Amino acid sequence: MSKSTIAALLCALSLAAPVLAAPAQPASSTPVAPSAAVQVETVTRLPQTLTPDEFQYIGGRYNLDNGATLRFTQFHNKLYAQVAELPPTQVMMLGQNMFAAPDNSIKMTFQPDPSGFSTGVTVRYTTDKSMGETVAQN
């Protein structure tokens, strides 16, 4: 290749470099808003049970406003709720202060006292599918 051909190529490349390096622009002259940011939410798995130290604050017996009694117990690191005439039913932790049976026959939400001790509980339970859900609290 001759020196003049190489010089012409270098000149052409230097003129084209800014065009090649620039980001692609849409064909229209209308400004394009940047795409919305994607939010990624990290979900940490909640523990399946409470430690004995944590359980001491909410476990026990609760007399409910409808005359029924809720017994919330822990046996071999499993949680059980027994309300009214229902047999003890295993429940799992859904979130902070929220528990439910896998079949949703019992759902409990504890209302902790500012001192850390639970002073209240709301229980939703079904004793008979045809009767519907009962809501009680202490």
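The values are calculated or read from the model by the stated rules, or taken from the named source; none is laboratory data. Source: prediction; values computed, not measured. For neighbour counting, all protein chains shown are included, and Cβ atoms are generated from backbone atoms with ideal geometry for every residue, glycine included. Calculation scope for accessible area: heavy atoms of the full protein, side chains included, ligands and nucleic acids excluded. Shrake-Rupley method; radii C 1.70, N 1.55, O 1.52, S 1.80 Å.
Of all residues in region 69-85, one or more are assigned to a strand (DSSP E or B) and either touching a residue at least 60 places away in the same chain (Cβ under 8 Å) or in contact with an Asp or Glu (Cβ under 8 Å, 6 or more places away or on another chain) (or both).
Taking the listed residues THR42, THR69, THR49, the one that is at pLDDT 90 or above and out of contact with any Ser or Thr (no Cβ under 8 Å at 6 or more places or on another chain) is THR69, with no other qualifying. Among the criteria (1) open to solvent by 80 Å² or more (accessible area, probe 1.4 Å); (2) more than 21 Å from PHE55 (Cα to Cα), the one THR134 does not fulfil is (1). Being within 14 Å of ARG124 (Cα to Cα), in a strand (DSSP E or B) and open to solvent by less than 80 Å² (accessible area, probe 1.4 Å) is a property that does not hold for GLN90. The single condition from (1) modelled with pLDDT of 90 or more; (2) closer than 16 Å to TYR62 by Cα; (3) open to solvent by 30 Å² or more (accessible area, probe 1.4 Å) that ASN97 fails is (1). Scanning region 100-127 for residues that are open to solvent by less than 20 Å² (accessible area, probe 1.4 Å) and free of Cβ contacts under 8 Å to residues at least 12 places away in the same chain returns a single hit, ALA100.
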